[in-house]
Amino acid sequence: MKKIIYSITILSLLMASCVNDAPDFNNNKDRAYEVPAEALMTNSEKALVDIMTSPSVNEWSLGKYFPQYWAAVTYTTESRYRITSRKISDRMWRILYADVIGNLESAKSIIHTETAPTGVSDSQFQSEQKNKLAIIEIIQVYTYQILVDMFGDVPYTESMQPGKFVLPKYDDGKSIYTALISRLNTAISTLDSSNDSFKSGEYIYNGDVANWKLFANSLKVKLGVNLIETDATLAKSTIESAYSAGLILDNSNNASFAYVTAAPNYNPIYENLVASNRNDFIPAATIVNDMNTLNDNRRGKYFTPLADGSYLGGRYGYTNKYTSFSHVSDMLKAADFPSQLMEATEINFYLAEAAAKGFSVGNNAEYYYNNAITASFESWGIGTDATAYLLNPDVAFSTAPGSTSNEKIARQEWIAFYNRGFESWTAYRRLNFPVLIAPASAYSEAEGQVPKRLTYPINEQTVNGDNWTAASSAIGGDKLKTHIFWDKL
């Protein structure tokens with residue numbers, strides 16, 4: 001018997017597609033295991049939102065640590081940039097490829113086999129099916145961008161094809177970006193907002209096609225803004241065409257995932273801080289001190305005050321006494337606090353960056369900078385405080401510290417992205433602000449720097465070794481300090 005070993009990229013897809021928990025399933029060899037496309041959509045969306053929100057040290061706690069939002073109380077390993085001990089890369093890779101992209105790929109296959117129900121015309125049914133497939137494409141594009149921005153070169157053209165590629169090659173990040181933009185353009189052209197899509201199982205927009213169009217165009221902006229320094233021509237055409245087609249510019253169109261108060265569907269922050277009854281994290285002095293300097297009223301939404309009403313953050317990269325500092329706010333720790341995959345604050349900041357580069361996006365950088373900050377305050381329920389905040393000379397675009405527009409924008413992006421750790425880390429790498437310093441306690445693998453990427457999964461090194469070696473060489477070494485292709489400085 002020939003023994004076949006699969007890359008985790010493929011093995012996870014096979015597992016995601018073939019597992020059945022029914023006790024008698026294996027007793028009936030002729031029985032087909034069928035899962036509705038709607039169930040796979042639900043699982044994919046929740047897996048994606050969970051993994052990008054979770055503060056678990058086994059998952060994306062790095063989203064709280066890399067931008068220096070949270071500090072550790074006792075267990076400092078991840079805040080000192082050692083990610084291999086808990087195999088964080090392996091877990092992120094598996095969930096994004098298998099639980100998100102893989103399940104969505106399975107959903108596609110099911111949708112292709114479905115037939116029109118009684119009473120529904122074939123033309124209407126086909127339009128709804130095309131809308132479903134386009135929405136799946138959009139979420140897959142979103143997820144592939146995360147993988148590139150997280151690791152660099154990753155499997156793309158040979159991924160999700162277990163029957164053809166057992167050990168998929170890695171594609172270069174720039175070519176993946178170009179392909180993702182093309183996929184988005186096709187998906188957007190396919191979406192027909194005069195018809196429905198998912199009538200159940202889709203929990204971000206509840207199948208609303210018009211909102212998914214806004215999301216897809218906003219995702220084009222997100223891709224385009226990362227390309228500004230490496231391919232200004234493609235960045236310009238991508239962002240300007242997306243702007244013309246309509247974007248998420250106010251909070252009513254945010255891509256939110258609404259959690260509930262019951263297990264297992266409550267917010268991962270609640271799960272890790274409240275349900276588990278653990279006091280492992282406190283806000284880091286890095287973010288708290290900066291917001292104190294600006295007298296930023298979002299502090300009361302981000303952190304708890306001390307007895308005297310002040311806010312105090314812990315020392316990043318070191319142990320801290322839990323009772324001596326501010327804590328994560330009760331608002332963030334609520335079981336049903338929603339998570340965002342895309343929001344108005346984010347897109348307005350990206351347009352500010354694009355406008356600062358001279359792109360045609362309807363207004364100037366200051367306009368979008370102000371809109372982004374206002375949208376952030378509104379999303380935290382204190383919209384009336386935004387006006388006074390923007391009058392602060394250290395906040396107002398014309399007088400805020402910084403020799404460039406990027407520096408001014410980056411500081412406010414960093415503050416506003418407090419619960420969007422991955423986007424914050426990406427903006428930090430793209431704009432090189434704010435200036436974050438690796439703690440003196442950082443492990444040697446960080447080489448004295450705040451990480452610029454995650455190292456590849458250990459499983460890929462051992463199972464898909466030849467392709468891992470080629471990819472590592474292509475990006476300049478499988479190291480935390482290696483820059484993603486769009487991160488030029």
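The values are calculated or read from the model by the stated rules, or taken from the named source; none is laboratory data. Note that this is a predicted model, so its numbers are computed, not measured. In this analysis, Cβ positions are derived from the backbone assuming ideal geometry, glycine residues included, and neighbour counts consider all displayed protein chains. We work out accessible area using only protein heavy atoms, side chains counted, and drop any ligands, DNA or RNA first. Shrake-Rupley method; radii C 1.70, N 1.55, O 1.52, S 1.80 Å.
Details
- Around the amide H of residue 339, modelled in the peptide plane, lie the amide H atoms of 257, 259, all under 5 Å away and 5 or more residues distant in sequence or on another chain.
- The chain: angle of helix 344-356 to the longest principal axis, Cα-based, in degrees nearest 10: 70 degrees
- Estimated distance in nm for a label pair at residue 307 and residue 113, the labels positioned 7 Å out from Cα along Cα-to-Cβ: 6.5 nm
- With all protein chains kept in place, the per residue accessible area of the chain amounts to 40 square angstrom at a probe of 1.4 angstrom.
- Carbon + sulfur, % of accessible area of region 25-131 - ligands and nucleic acids excluded, 1.4 Å: 44 percent
- The chain: angle of helix 232-245 to the longest principal axis, Cα-based, in degrees nearest 10: 80 degrees
- Using a probe radius of 1.4 angstrom, the carbon and sulfur fraction of the accessible surface of region 371-489 is 54%.
- Highest mean packing first, where packing is the average number of other Cβ atoms within 10 Å per residue, the peptides 185-197, 220-232 line up as 220-232, 185-197.
- Cβ-Cβ distance of residue 469 and residue 399, R₀ of 51 Å, FRET efficiency by 1/(1 + (r/R0)^6): the value works out to about 0.50.
- Sites residue 436 and residue 121, calculated FRET efficiency, Cβ-Cβ separation with R0 45 Å, nearest 0.05: 0.20
- Across region 270-300, the residues whose backbone nitrogen lies under 16 Å from the label position 7 Å along the beta-carbon direction of residue 319 are 279-282.
- Tilt relative to the chain, helix 285-294 - C-alpha long axis, 0 to 90 degrees, to 10: 60 degrees
- Remark: the Cα gyration tensor places region 207-302 in the oblate category, a/c being 1.5 or greater and a/b not exceeding b/c.
- Sequence ranges 168-175, 344-351, 388-395, ranked by mean other-Cβ count within 10 angstrom, highest first: 344-351, 168-175, 388-395
- Whole-percent carbon and sulfur share, accessible surface of region 248-329, 1.4 Å: 47 percent
- Inter-label distance, nm, simple model (7 Å from Cα along the C-beta direction), residue 87/residue 334: 3.7 nm
- Full-extension gain in nm, residue 443 to residue 210, via 0.36 nm per residue minus C-alpha separation: 79.2 nm
- Förster radius 51 Å - calculated FRET efficiency between residue 360 and residue 74, Cβ distance, rounded to 0.05: 0.50
- Amide H contacts of residue 158 (H built 1.01 Å from N, in plane; Pro and chain starts excluded): 169 sit under 5 Å, all sequence-distant by 5 or more or on other chains.
- Modelled spin-label separation between residue 292 and residue 237, with each label point placed 7 Å from Cα along the Cα-to-Cβ direction: 5.0 nm.
- Cα-Cα pairs of the chain separated by more than 37 Å (percent): 26 percent
- Annotation: amide H-H contacts under 5 Å for residue 303 (H modelled 1.01 Å from N, sequence separation of 5 or more, or interchain): 329.
- Other residues whose C-beta falls under 10 angstrom from the C-beta of residue 479 contribute a net charge of 0, scoring Lys and Arg +1 and Asp and Glu -1.
- Theoretical gain in end-to-end length, residue 229 to residue 182 [0.36 nm per residue, Cα-Cα removed]: 14.9 nm
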